[in-house]
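Data first, discussion second: the structure below is written as structure tokens.
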Amino acid sequence: MKTQFLSNILLMLIWVFLTGSYTFENFSFGFILSFLILWIISRKNDQNKYFKILPRIIGFFFFFLWEMIKANIQVAIEVITPTHHMKPGIVSVPLDAKTDVEITFLANLITLTPGTLSLDVSTDRKVLYVHSMYVHDKQEFIDDIKNGFEKRLLAILR
């Protein structure tokens, strides 16, 4: 996987140097172009994890950005308006994440999102305790974390 990434970067740099344009758009286009070239060359090799993970990472980035924007707007509206729509609570979220890295990434991503805070992990590492400003439906909150952050994160890390 490391060699595919380095090859991708090298081809991107060759593209940028040949075109002579050092803009973000040209770097991005060169990266995408080199990714597609490498994918076409090695698509028969089933062991190329790089070509499966990179699109997942990009998708996760945009998913997290969208969740961050939604949470910021929700908290900003709460601060600006005189009425409170908060229903704070602590929810125990069962974990499919098993390793310390998976649990740590998940807990940190939840904490980075405004309005939520990871509090603790159970001693058997099967439950993550999360405080949220908005727990209108406990099961819906759990499903959002399990089908959003955890599912996408585990698709990248495993």
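Some notes on this structure:
- The lysines within cross-link reach of K49, meaning a Cα-to-Cα straight distance under 17 Å and a gap of 8 or more places when in the same chain, are K2.
- Spherically averaged projected area of the stretch 7-109 from its Cα convex hull (nm²): 10.9 nm²
- Whole-Hz ³J(HN,Hα) from phi, Karplus 6.51 cos²θ - 1.76 cosθ + 1.60, for the stretch 87-104, glycine and proline x: 9, x, x, 10, 10, 8, 9, x, 9, 8, 5, 10, 7, 4, 5, 4, 5, 5
- Nearest-10 value in Å² for the accessible area of H85, using the 1.4 Å probe: 100 Å²
- For K49, the accessible area of its heavy atoms, probed at 1.4 Å with every protein chain present, is near 90 square angstrom.
- Compared with the dominant principal axis of the Cα atoms in the chain, helix 24-41 is inclined by about 70°.
- Given K87/K126; K52/K151; K126/K151; K87/K151, the pairs whose alpha carbons are separated by over 20 Å: K87/K126; K87/K151
- Among the protein heavy atoms, those of S118 account for about 30 Å² of accessible surface (1.4 Å probe, every chain in place).
- A 1.4 Å probe over all protein chains sorts L106, L157, L6, L54 by accessible area into L6, L157, L54, L106, starting with the largest.
- Solvent-accessible area, 1.4 Å probe, carbon plus sulfur percent, for the stretch 1-85: 74 percent
- Amide H contacts of V135 (H built 1.01 Å from N, in plane; Pro and chain starts excluded): K87, G89 sit under 5 Å, all sequence-distant by 5 or more or on other chains.
The values are calculated or read from the model by the stated rules, or taken from the named source; none is laboratory data. Remember, it's a predicted structure, so these values are computed and weren't measured experimentally. Just so you know, the surface numbers come from the protein's heavy atoms only, side chains and all, with ligands and any DNA or RNA stripped out. Shrake-Rupley method; radii C 1.70, N 1.55, O 1.52, S 1.80 Å.
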